[in-house]
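Notes to accompany the following structure.
Derivation of every value follows stated rules applied to the coordinates shown; laboratory data play no part. Fair warning: this is a prediction, and the values are worked out from it, not measured in the lab. Note that each Cβ is placed from the backbone with ideal geometry, even for glycine, and that neighbours are counted across all protein chains shown.
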C-alpha cells in the first residue's frame, strides 16, 4: 500500500526523540535519506511502519516572523475542536499528531529571517543572522507602512490538508492583507543586509495540526473526505479583526516559544479603506 510521508519531521524538527524501530533519529535528515532508511526497516504483518516512541518537541530556531494573532477564545476553541474532529480517525488509529497549542494560533505574513531547526548547525547560514540593531532599523522602515494601512478583516473560508501532513484553516480578505504583505516585502527587498532566507506566506492560514508519521492511502483519503464534508458545515461568519500586527523573535519552532520581551506591536489605522 502506498505510503505518504509527512514533511514535518524533515523540515520542521531537529533533536526530536523519534524511534523508528531500533533507530533513534536525533537530528535533521533530508527526505532522500529518510526514504532510504524507511525502506530498510522491518514492517508489521500488514506492511505498515510504526513509530515506537514519540516525544516530539519543536526544535530551537532563529526566526523573526511578522504575524497576526488570533485572540478570540471562542474562535480558537472552534478551530481546535474542528481539527480534533476531522483527525479523530487518525487518533483512533494511534497515528502521532502534533497539535498546535491554541494560545499560539497565528497567521504569519512575512518571515524577516527564517532559520529553522535543521539550519541551526549550518555556520554559513548562522553568519547571515540579523543583529538587534538591524532589526530595529527594519522596524523603523516598516512601521510607517503598517501605520498607514487601514484595519481589515480576515474571514474563515476553508480547510486544507496536504500530503505534507499539515491541517490548516484558510482565510480570505478583500485585498488589504495581500497589499500590506507585498508593500512590506518590497521594503525588505530594498534593504541590502536582509538575509536571503526570508519569504512571504502565499496562503493566508493558521496551522492547526501536523501529522508526524506515514499514513496509508485509505486514511489519507478519508481525512480529505472529512474536510470536504466540513466545507458545508463551516461557520463562515467567523473572522479576525486585524488592527494590529506583531514582530517577535521565535526561538522554538512552531511559535512554541518567543524570546522574552522581543515582541513589537504595530497598529493599523482604524476603519476600512
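Compactness ratio of region 61-267: Cα Rg over 2.2 N^0.38 Å, N = residue count?
Values: Rg = 18.0 Å, N = 207, 2.2 N^0.38 = 16.7 Å.
Normalised by 2.2 N^0.38 Å, the Cα Rg of region 61-267 equals 1.08.
Could you put 230, 239, 105 in order, starting from the residue whose Cβ has the fewest other Cβ atoms within 10 Å?
Numbers: 230 14, 239 17, 105 22.
So the residues, fewest neighbours to most, are 230, 239, 105.
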